[in-house]
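What follows is a set of notes on a single structure, which appears directly below.
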Amino acid sequence: MSFGVCAAIAPHTPKLITNTDAPEHTRLRRSVNAPFLVKRIEAMRPAVQRIVDDLIDEMLAGPNPADLLTALALPVPSLVIAELLGVPYEDHELFQENSNRVLDSSLTADEAAEAGRALSTYVGTLFQRKLAEPGDDVLSEMGAKVRAGEMAPQEAISMGVAMLIAGHETTATMISLGTLALFEHPDQLALLRESDDPKFVNGAVDELLRHLSIVHSGLRRVAKDDIEIGGQTIRQGDGLLFDLQAANWDPEAFPESERLDLTRPARQHNAFGYGPHQCLGQNLARLELQVVYSTLYRRVPTLRPAAPIDRLTFNHTGTAYGVGCLPVTW
Ligand code: HEM
């Protein structure tokens, strides 16, 4: 039985890591795999810690209450991806502002598209600079592949933008929705606040990823052959949506699956997908969440919601299910 991604039914979209099958997908994925391996990502921990600490300092120095989404959840992934791609510090503001605008649901589609174009142009210009003066970052590594003829320049630029988009909203949502879930489970929040055991924090990150299963749009695939599942026939060419929550809340895999239990072994969840397209940035996402969850509630032990939870607005339309804004006080 086999599935493919949807490039065949949208033949005019450019070939990206997300919409190609092997062997094209294998080539694209190999060209960016190395910087996302555990050892390389772990080396970023001090930089991620500094980013998180600085943002918490700024939040504490600003007005109370604050919106956790704009104060911490959105800037953490955008600053971390800037670090990964090698965005020079003087360009951070432009990069971060446009990254946030691409995902800002209060803007019109045209405004968001304009921010997307500005970002693409920016990554394109930066890529040219990295070709001339390589640094120790992902864009420079892709530059070396382009010079070796293993990758087209436009593929490298699209990959840079794809990383930003794939890693921004998802990680931001896990920071804000994860905090909200912990507010609703004060016993679990207390466990996290009081633990200084990195293994416990790592497990807590996986349990929150499982419990929240934020990618609500489902994984989209096309059947390559006729498939028989549970007495149903799926015909070759049929579109399929794989629901990640169904797998993550399967009581046979996770007993009492509806319960948020930070002590349960949850590493085998499917929140990052499954198979060849499984999330490229999962080690980075885990690192960011480990740093945020082990820092925020310990540094701000009185952190609590500043508005009744039933008054919050939730976003059901994006790739990731999330909260529109999260007012917090301390
Ligand atoms: C909590 C945060 C994140 C979640 C829940 C998440 C979830 C996912 C899921 C479910 C997929 C599979 C899509 C599919 O099979 O169709 C995926 C793919 C992907 N993710 Fe993530 N992601 C997260 C963070 C990141 C980060 C930080 C990056 C990069 C900086 C990233 C980059 C990617 C890329 C490039 C793909 C496509 C991989 C491929 O098609 O081979 N993601 N992600």
Practice task
Kindly check whether there is at least one residue in the range 50-60 that is at pLDDT below 95 and away from the ligand (no atom under 14 Å from the Cβ).
Solution key: no
Handout entry: Considering residues of the range 52-84 that are among the aliphatic types (A, V, I, L, M) and not in a helix (DSSP H, G or I) only, the residue farthest from the chain's Cα centre (by Cα)
Key = ALA66
Exercise for the section: Scan the range 188-205 residue by residue and report those that are surrounded by fewer than 21 Cβ atoms within 10 Å (Cβ to Cβ), within 16 Å of the ligand (Cβ to nearest atom) and closer than 16 Å to ARG259 by Cα. Expected result: GLY203
Practice task
Check whether at least one residue in the range 188-202 is closer than 30 Å to ARG299 by Cβ, of a type in the set (A, V, I, L, M) and touching an Asp or Glu at 6+ places or on another chain (Cβ under 6 Å), and report yes or no.
Solution key: no
Exercise for the section: Read through the list (1) touching a strand residue (DSSP E or B) at 6+ places or on another chain (Cβ under 8 Å); (2) open to solvent by 80 Å² or more (accessible area, probe 1.4 Å); (3) of a type outside the set (Ser, Thr, Tyr), then give the number of the only condition that ILE234 fails. Expected result: (2)
Exercise for the section: For the range 164-187, name all the residues that are farther than 17 Å from ASN270 by Cα and open to solvent by 20 Å² or more (accessible area, probe 1.4 Å). Expected result: ILE165, GLU169, PHE183, GLU184, HIS185, PRO186, ASP187
Handout entry: Among the candidates GLY149, GLY116, residue that is out of contact with any Lys or Arg (no Cβ under 8 Å at 6 or more places or on another chain) and within 18 Å of SER31 (Cα to Cα)
Key = GLY149
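Restricting the search to the range 239-263, which residues are touching a residue at least 60 places away in the same chain (Cβ under 8 Å) and under 12 Å from LEU208 (Cβ atoms)?
LEU260, ASP261, LEU262
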Completion exercise
Inside the range 153-163, the number of residues satisfying the requirement of being surrounded by fewer than 23 Cβ atoms within 10 Å (Cβ to Cβ), among the small types (Gly, Ala, Ser) and under 15 Å from the mean Cα position of the chain (by Cα) is 1
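Of the residues in the range 284-307, how many are open to solvent by 60 Å² or more (accessible area, probe 1.4 Å), part of a loop (DSSP other than H, G, I, E, B) and not hydroxyl-bearing (Ser, Thr, Tyr)?
1
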Exercise for the section: Return a yes/no flag: does the range 87-106 have any residue that is small (Gly, Ala, Ser), open to solvent by less than 60 Å² (accessible area, probe 1.4 Å) and within 24 Å of VAL48 (Cβ to Cβ). Expected result: yes
Exercise for the section: Sort through LEU68, LEU79, LEU55 and tell me the only one that's surrounded by 18 or more Cβ atoms within 10 Å (Cβ to Cβ), out of contact with any Lys or Arg (no Cβ under 6 Å at 6 or more places or on another chain) and touching a residue at least 60 places away in the same chain (Cβ under 8 Å). Expected result: LEU68
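The values are calculated or read from the model by the stated rules, or taken from the named source; none is laboratory data. Small disclaimer: the values here were computed from a predicted structure and weren't measured. Reconstructed Cβ throughout: ideal geometry from the backbone, glycine too, with neighbour counts over all protein chains shown. Side chains are part of the model used for accessible areas, which takes the heavy atoms of the whole protein and leaves out ligands, DNA and RNA. Shrake-Rupley method; radii C 1.70, N 1.55, O 1.52, S 1.80 Å.
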